[in-house]
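Written below as structure tokens is the structure these notes are about.
The values are calculated or read from the model by the stated rules, or taken from the named source; none is laboratory data. Fair warning: this is a prediction, and the values are worked out from it, not measured in the lab. Every residue, glycine as well, gets a Cβ built from its backbone with ideal geometry; the counts of neighbours run over all protein chains shown. In case anyone asks, the SASA skips ligands and DNA or RNA and just uses the protein heavy atoms, side chains included. Shrake-Rupley method; radii C 1.70, N 1.55, O 1.52, S 1.80 Å.
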Amino acid sequence: MSGVQRIAILGAESSGKSTLSEALARHYGTLWVPEYLREFVDTLGRVPHEEDQYGIALTQRAREDDAAAKAASFLFCDTTPLMTALYSRVYWGRVDAQLARLDARHDYAWTFVTAPDTPWEPDGLQRESEEVRQMVHRMLVETLAARGIGYTLLAGDLPHRMRQVQGLLGQR
């Protein structure tokens, strides 16, 4: 894992995190870690319950750790435990202690937030609505600010977002 910078790609539902993470990994010739929540929902055919949240975040982080050992220079992480904890607050009004401890480990070289400025698209069981997307975005930027986590807001279409990131990480 030496020299690999983990890059957190955060954002509300339907804001382009997965598309951007995959495109960045392809551009930089490295790996990305897809959002485990999508696999969880597809496999179990249901949205998570509160007691599932810690396991989802733990699996996300474990997959990230595994990929970091194989990545070249950057590892693009399509979500982090921070987002799992944020959604716990949205749906259950609290975050359990184990998830809170995992969420506190926000040790990423860069944090990018995808703006909710693209058309909202339904995605089976995983997505709520445009209103929830905007609320989660506000909660995310407020959480990052409250915790003193610096971030870059990525707006516009995919090529524009790619140029924003390349301007910060370098062209390669």
Please report, as a whole percent, how much of the solvent-accessible surface of the chain comes from carbon and sulfur atoms (probe radius 1.4 Å).
53 percent
Under the 0.36 nm per residue contour assumption, what length would be gained going from the current alpha-carbon distance of ALA104 and TYR91 to full extension?
2.7 nm
Could you give the size of the charge dipole of the chain about its Cα centre, using +1 on the Cβ of each K and R and -1 on the Cβ of each D and E, expressed in debye and rounded to the nearest 20?
620 debye
Please give the FRET efficiency for LEU58 paired with LEU153, using the beta carbon to beta carbon distance and R0 = 25 Å, rounded to the nearest 0.05.
0.35
With a 1.4 Å probe and every protein chain left in place, work out the accessible area per residue of the chain in Å², rounded to a whole number.
48 Å²
So what's the Cα pair-distance distribution over the chain, bin width 10 Å, in %?
10, 41, 39, 10, 0
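Assuming R0 = 25 Å, can you tell me the calculated FRET efficiency for the pair THR118 and THR43, based on Cβ-Cβ distance, to the nearest 0.05?
FRET efficiency, THR118 to THR43: 0.40.
Hey, what number do you get for the chain at 222 nm if only DSSP H runs of n ≥ 4 count, each worth -39500 (n - 2.57), divided across all residues, to the nearest 500?
That comes out to -16000 deg cm²/dmol.
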Taking the mean number of other Cβ atoms within 10 Å as a proxy for protection, how do you rank 23-30, 155-162, 43-50 from highest to lowest?
23-30, 155-162, 43-50
Using 0.36 nm times the number of residues separating ALA69 and GLN166, minus their current alpha carbon distance, what extension gain do you get?
32.6 nm
Taking amide H positions as placed 1.01 Å from N in the peptide plane, with prolines and chain starts having none, which residues 5 or more places from LEU31, or on another chain, fall under 5 Å of its amide H?
ALA72, PHE76
Full extension between HIS27 and GLU142 adds, at 0.36 nm per residue less the Cα distance, a length in nm of 38.3 nm
Within the set of other residues whose C-beta is less than 13 Å from the C-beta of GLN60, count the net charge using Lys and Arg as +1 and Asp and Glu as -1.
-2
